[in-house]
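The values are calculated or read from the model by the stated rules, or taken from the named source; none is laboratory data. Since this is a predicted model, take the numbers as computed values, not measurements. Neighbour counts are summed over all protein chains in view; Cβ atoms, including those assigned to glycine, are modelled from backbone coordinates with ideal geometry. For the accessible areas, the whole protein counts, side chains as well, though only heavy atoms, and no ligand, DNA or RNA atoms are used. Shrake-Rupley method; radii C 1.70, N 1.55, O 1.52, S 1.80 Å.
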Amino acid sequence: MSGVRVLVGTRKGAFVLTSDDRRRDWQVNGPHFAGWEVYHVAGSPADPDRIWAAPSGGWFGQVIQRSDDGGRTWDPVGNDFSYASPAGEHQWYDGTLRPWEFSRVWHLEPSATDRDLVYAGIQDAALFRSSDGGESWHELRGLREHGSGPEWQPGAGGLCLHTIVLHPSDPDRIVVAISAAGVFRTDDGGATWRPINQGLLSEGIPSPAAEVGHCVHNLTMHPARPNTLYMQKHWDVMRSDDAGEHWREISGNLPSDFGFPIAVHAHEPETVYVVPITSDSHHFPPDGKLRVYRSRTGGDEWDALTDGLPQQNCYVDVLRDAMAVDTLDQCGVYFGTTGGQVYASSDSGDSWMPIVRDLPAVLSVEVQTL
Amino acid sequence: MSIRVVLPAHLRQLARSEKEISLDAEPTQRGVIDALEQRYPALRGTLRDPATGQRRAFVRFYACEQDLSHESPDRPLPAAVAQGNEAFRIIGAMAGG
């Protein structure tokens, strides 16, 4: 282990932040793809020099860029995300049906073992797979063709597939989350899918315990405990210990259980991090205090982490893909804000320091341990 | 037939090209974009939606002080463009306030 590389996607480009394993002195490289909205940047665990980025924009649509030298240089790869079958229709905000239409890539999930295999979650919600390093993309259409598809409706950010959780040893099992449809799982490599939302309660939908329609914001899993999933829902922090078959609330003493990202400690599967946000109309932290909350009991009991974070007049948001951990012996935790700060902790969240303060609004943060 | 094409900054960055390039292309919008994508595969999908082939909403085509964006993609371009005297200009429409 020699250091870490933090991959940051922002409203106006991507940045690569690097440090040795002390994580005190940082080099900031970027912006890459200046002017493009970069919803996500993700590196291959199988080959850390291989990184994909998903720049998009209102003018020129979606492109995918790939680096094979750790983010120094980039080349465009495939960007054709055409649905594999007639698109069908989903719910629109006004209750009418609207045809599925591609607008952007939200999330890239590289395989842990195959440097050429990467998944993409897109808006309107669908899952794509590339087995040639991103040169070509093929939809796993069984998800979009699930019978509940016409009931799916967009969250405020659109009908997006934003989270992809790959099982560490079973390549046939994938869990995805869609706003605002919920969580779906395949056990056959993506051919068939079923919703796994039992136990979720969402007051904002006509039937709070419905099979689909939940605005799930983010999921995380510790690779040593693949049957345990943690969830930040629109409201409520949730947990499942049977691979999503059943969920229970673990919000406990959080000052607000609204939020976007959720992360789990690299070496402690029962240590979980969230960033409470006041509400869906107030997209900033309660009381103007930026606090990460950590549970060391797998939820229910949470402690505020504040050392090094602004505790007054702070009104930024932390978006769903903007928190990540490294795997150094002393686990590092990182998150980015809509105010352009990227904060790092090299002691599991006990203390924080900003790596950078003035980037464009941060959309995503991922970490590679080198 | 050599046609002069002016690219906006985002697409020059993507194609790693000069601001103005020359293309051997049929003198229609479709011909120019086909030739552009052939020479610069990185631009595929950036001007036209890959699924529908439609011009992206905020992409505009100007030449000879005219907005050609709403013309049929197969309509011949103005003679001055076809002859290389005027450039076919691809524009990212003003947006964002």
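Tabulated results
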{"item": "Test: residue in the range A:77-89 that is outside any loop (DSSP other than H, G, I, E, B), buried (at least 24 other Cβ atoms within 10 Å of the Cβ) and of a type outside the set (Phe, Trp, Tyr)", "result": "no"}
{"item": "Qualifying residue in the range A:277-288 (condition: within 22 Å of A:Thr163 (Cα to Cα), in contact with a strand residue (DSSP E or B) (Cβ under 8 Å, 6 or more places away or on another chain) and open to solvent by less than 10 Å² (accessible area, probe 1.4 Å))", "result": "yes"}
{"item": "Positions within the range A:267-322 being under 22 Å from the mean Cα position of the chain (by Cα) and hydroxyl-bearing (Ser, Thr, Tyr), in sequence order", "result": "A:Thr271, A:Tyr273, A:Thr278, A:Ser279, A:Ser281, A:Tyr293, A:Ser295, A:Tyr315"}
{"item": "Filtered residue count, the range B:43-78, keeping only those that are surrounded by 20 or more Cβ atoms within 10 Å (Cβ to Cβ) and within 14 Å of chain A (Cβ to nearest Cβ)", "result": "7"}
{"item": "Yes/no for A:Ser131 being touching a Leu at 6+ places or on another chain (Cβ under 6 Å) and among the small types (Gly, Ala, Ser)", "result": "yes"}
{"item": "Single residue of the range A:31-60 satisfying the filter (within 14 Å of another protein chain (Cβ to nearest Cβ), over 19 Å from the mean Cα position of the chain (by Cα) and assigned to a strand (DSSP E or B)) that is surrounded by the fewest Cβ atoms within 10 Å (Cβ to Cβ)", "result": "A:Pro31"}
{"item": "Residue that is surrounded by the most Cβ atoms within 10 Å (Cβ to Cβ), among those in the range B:85-97 that are in a loop (DSSP other than H, G, I, E, B) and modelled with pLDDT under 95", "result": "B:Ala93"}
{"item": "Candidate set from the range A:90-106 (those that are hydrophobic (A, V, I, L, M, F, W, C) and in a loop (DSSP other than H, G, I, E, B)); member that is least open to solvent (accessible area, probe 1.4 Å)", "result": "A:Trp100"}
{"item": "Residue list for the range A:107-127, restricted to those being open to solvent by less than 30 Å² (accessible area, probe 1.4 Å), of a type outside the set (Val, Ile, Thr), away from chain B (no Cβ under 13 Å) and in a strand (DSSP E or B)", "result": "A:His107, A:Leu108, A:Pro110, A:Tyr119, A:Ala120, A:Gly121, A:Gln123, A:Leu127"}
{"item": "Candidates B:Arg16, B:Arg30 - the one that is away from chain A (no Cβ under 14 Å), basic (Lys, Arg) and open to solvent by 80 Å² or more (accessible area, probe 1.4 Å)", "result": "B:Arg30"}
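Residues are listed down the side, and each one gets a yes or a no for (1) touching a strand residue (DSSP E or B) at 6+ places or on another chain (Cβ under 8 Å); (2) in a strand (DSSP E or B); (3) among the acidic types (Asp, Glu):
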position: A:His214; (1), (2), (3): yes, no, no
position: A:Leu219; (1), (2), (3): yes, yes, no
position: A:Ala224; (1), (2), (3): no, no, no
position: A:Gly244; (1), (2), (3): yes, no, no
